[in-house]
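Written below as structure tokens is the structure these notes are about.
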Amino acid sequence: MLKSTKNKDNILKKIKIFNDPIYGFITIENTLIFNIIEHRYFQRLRRISQMGLSYLVYPGANHTRFHHALGCVFLMKKAIETLRMKEVTISKEEEEALYIAILLHDIGHGPFSHALENSIIESVQHEALSLHFMQLLNKEFDGKLNLAIHIFKGEYHRKFMHQLISSQLDMDRLDYLKRDSFYSGVAEGNINAERLITMLNVVNDQLVIEDKGIYSVEKFIVARRLMYWQVYLHKTGLAAENVLVKILKRAKELTKRGEELPASKPLKYFLKSNINPNNLDKAVLDTFSKLDDFDIISAIKNWCDHSDFVLSYLCKAIINRKLPKVKMQIDKFSHESFEDIEQKVKNKFNLTDEEIIYMVFKGEVHNQAYSTEKEQINILYRNGEIKDIANASDNLSIEALSKSVKKYFICYPKNLDY
């Protein structure tokens, strides 16, 4: 819905209203923010899934990075309103910059979120790409993103503003936990984001949570742990994401050998190019901005019929949801057991040493719901005392959740009689 009103200066002002299933109506009253949302770089996020291939496990998890970014802006607006009510001064310029920074924090994500940065553009992480896109947009918008970029990079002197964008209790995490819980149907991840925001305050230029909100923070930390084990690190979703990474690596390998794989122009570019921080110029970013989930899925559908057995097999695994078997455990898999599986797969499919790495692979995952080593979540008591949540909470599990839990996994084709 688009409404138009005229202000005192008789200038047309646009108010964009988005109907969000989580928060209801999200209004965008700032013309600059609206124009950034309308930009093709940002519109691409409509075609980037928020949870990668998790829909193969949770069928409802089809929401996008576009949804998430708008949700973050909504929560940022609530946070600014709360802090101003508590007499924390935030200027109009700072408010606009906070909206821009949180709106664009994920703009560098590639197709299926993290798969691309682990396959065909390995040396550049999405955070770096987001910053590059922000700098390009800053040129287009005549330097109006300067302050947003300073805040995003943590260079602005008011440190709590960077914490609103990136910390252990930022608007990003508050939205994705609540949103991903809603769309996946995993109720354990549902948090009371607005309650947490209502408890926000600033002391000595650092974000704190008033002591009345301590139980909401505990719930947030526990919800984060559960969402990682049940959703983000679900073994079937993990297998699917790793298969996707292997597909793209195999496609890049075949392209290097001179194979001409059917693919969209942007995808072909990245299959043929070695991208690193030194050659990440505007032309590369423009090409990247044309790459989305549809390019990848379309290519995978085509590659199902490719003459290369490995590429074809892996593509069919995604398209037909015939994913590999996954074993996950606390202890490392022995070298002997891994080699035994490799040999069985080699024999069954008549694979070479070079091909087997795409069919049998292992890895590890980490889950740390809260880190005492990073910027802490601090609880503010009425007497002015401030404590880290790990020390303030009477829930012993919070201290336990600050320890990193590592699990090891191995993936291989099913029906090996193993």
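The values are calculated or read from the model by the stated rules, or taken from the named source; none is laboratory data. Being a predicted model, the structure only gives us computed values, none of them experimental. Using ideal geometry, Cβ is built from the backbone for each residue, glycine included, and neighbour counts are taken over all protein chains shown.
Below, the figures for the structure above:
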item: Among (1) aliphatic (A, V, I, L, M); (2) farther than 30 Å from Lys322 by Cβ; (3) crowded, with 21+ Cβ neighbours inside 10 Å, the one test that Ile121 misses; result: (2)
item: Candidates Asp295, Asp308, filtered to the one that is in contact with an Asp or Glu (Cβ under 8 Å, 6 or more places away or on another chain), on the phi < 0 side of the Ramachandran plot, of a type in the set (Asp, Glu) and modelled with pLDDT of 95 or more; result: Asp308
item: Evaluation of Glu188 against (1) in a helix (DSSP H, G or I); (2) buried (at least 17 other Cβ atoms within 10 Å of the Cβ) (one fails), failing number; result: (2)
item: Enumeration of residues in the range 124-146 that are in contact with a Leu (Cβ under 7 Å, 6 or more places away or on another chain) and assigned to a helix (DSSP H, G or I); result: Ser130, His132, Phe133, Met134, Leu136, Leu137, Asn138
item: Selection status of Ile121, assigned to a loop (DSSP other than H, G, I, E, B) and either within 13 Å of Ile36 (Cβ to Cβ) or not assigned by TED's automatic domain parsing to the domain that holds Tyr358 (or both); result: yes
item: Glu354 touching a strand residue (DSSP E or B) at 6+ places or on another chain (Cβ under 6 Å), loosely packed, with under 14 Cβ neighbours inside 10 Å, of a type in the set (Asp, Glu) and assigned by TED's automatic domain parsing to the domain that holds Cys411; result: no
item: 1 or more residues within 21 Å of Lys178 (Cα to Cα), in the same structural domain as Met199 (by TED's automatic domain parsing) and of a type in the set (S, T, N, Q): qualifying helices (runs of 4 or more DSSP H) within the range 23-85; result: 65-85
item: Residue satisfying condition, being crowded, with 21+ Cβ neighbours inside 10 Å and touching a strand residue (DSSP E or B) at 6+ places or on another chain (Cβ under 9 Å), within set Phe25, Phe112; result: Phe112
